[in-house]
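The values are calculated or read from the model by the stated rules, or taken from the named source; none is laboratory data. What you see is a predicted model, and the numbers here were worked out from it, not measured in a lab. Positions of Cβ are generated from backbone atoms using ideal geometry, with glycine treated the same way; all protein chains shown enter the neighbour counts.
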Amino acid sequence: MKSKKPVFDTNVFISYKQQLYADDKFFNAMALSLVVLCELTYSSRSRKTLQLYEKWREDFYQNDLLIVPSVSDFWNSAKKIRTLKIQEEKDSIKTQRPDDDAIRLQNDALIAYTISQKSNYFLVTDNVKDFSRLQRVINFDFISATEFFNN
């Protein structure tokens, strides 16, 4: 995955904030998912943080490094969740109530699906459990944040 650009999941921005913000090399080498940026934005409370996220949106967009889901991406990620739920029911894998689980997976599936459409990106996440599930129906690369930051 050395030649690919990392795309950090929301949890990575929270858990690895000190490392990410202290070293520009991460921001200079990464792409940014609009889904992740939206999750960060609606969880932020300070005006300064909102201004930072607005700057990121502009900068990543201008550099063609903002991964923006299309209508088709939304639709196809929903179909992938449906396929996953059917497979898990056939395999008798116990999950939460199907609707709750599908809603919870929606943004993760959208992130995974949009990354799968671009051959030069991989996801960095602490949410290995859900993204491993999604890998059953979406062909995308990901690595745990622990592994990424310890290498």
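Search the stretch 12-41 for residues that are within 16 Å of Phe142 (Cα to Cα) and part of a loop (DSSP other than H, G, I, E, B) and pair each with any residue that is of a type in the set (A, V, I, L, M, F, W, C) and at pLDDT 95 or above when their beta-carbon atoms are under 7 Å apart and the residues are at least 6 apart or on different chains.
Listed by first residue and then by second, the contacts come to Met30/Val7; Met30/Phe8.
I want to confirm something. Restricting to the stretch 1-59 and keeping residues that are in contact with a Ser or Thr (Cβ under 7 Å, 6 or more places away or on another chain) and not aliphatic (A, V, I, L, M), which single residue is farthest from Leu105 (Cα to Cα)?
Of everything passing the filter in the stretch 1-59, Tyr53 is farthest from Leu105 (Cα to Cα).
Identify all residues within the stretch 86-104 that are closer than 18 Å to Phe131 by Cα, modelled with pLDDT under 75 and among the basic types (Lys, Arg); write none if there are none.
Answer for the stretch 86-104, where residues must be closer than 18 Å to Phe131 by Cα, modelled with pLDDT under 75 and among the basic types (Lys, Arg): just Lys94.
Among the β-branched types (Val, Ile, Thr) and either in contact (Cβ under 8 Å) with a residue 60 or more places away in the chain or in contact with a Leu (Cβ under 8 Å, 6 or more places away or on another chain) (or both): does that describe Val124?
On the way: among the β-branched types (Val, Ile, Thr): yes; either in contact (Cβ under 8 Å) with a residue 60 or more places away in the chain or in contact with a Leu (Cβ under 8 Å, 6 or more places away or on another chain) (or both): yes.
Judged against the criteria, Val124 is a match.
Search the stretch 29-79 for residues being among the β-branched types (Val, Ile, Thr) and modelled with pLDDT of 95 or more, and hand back the single one that is nearest to Phe122 (Cα to Cα). Let's see the steps before the verdict.
The initial filter retains those residues of the stretch 29-79 that are among the β-branched types (Val, Ile, Thr), namely 35-36, 41, 49, 67-68, 71.
Narrowing the set further to residues that are modelled with pLDDT of 95 or more leaves 35-36, 41, 67-68, 71.
Numbers: Val35: 15, Val36: 14, Thr41: 22, Ile67: 12, Val68: 15, Val71: 22 Å.
Residue satisfying both the conditions and the ranking: Ile67.
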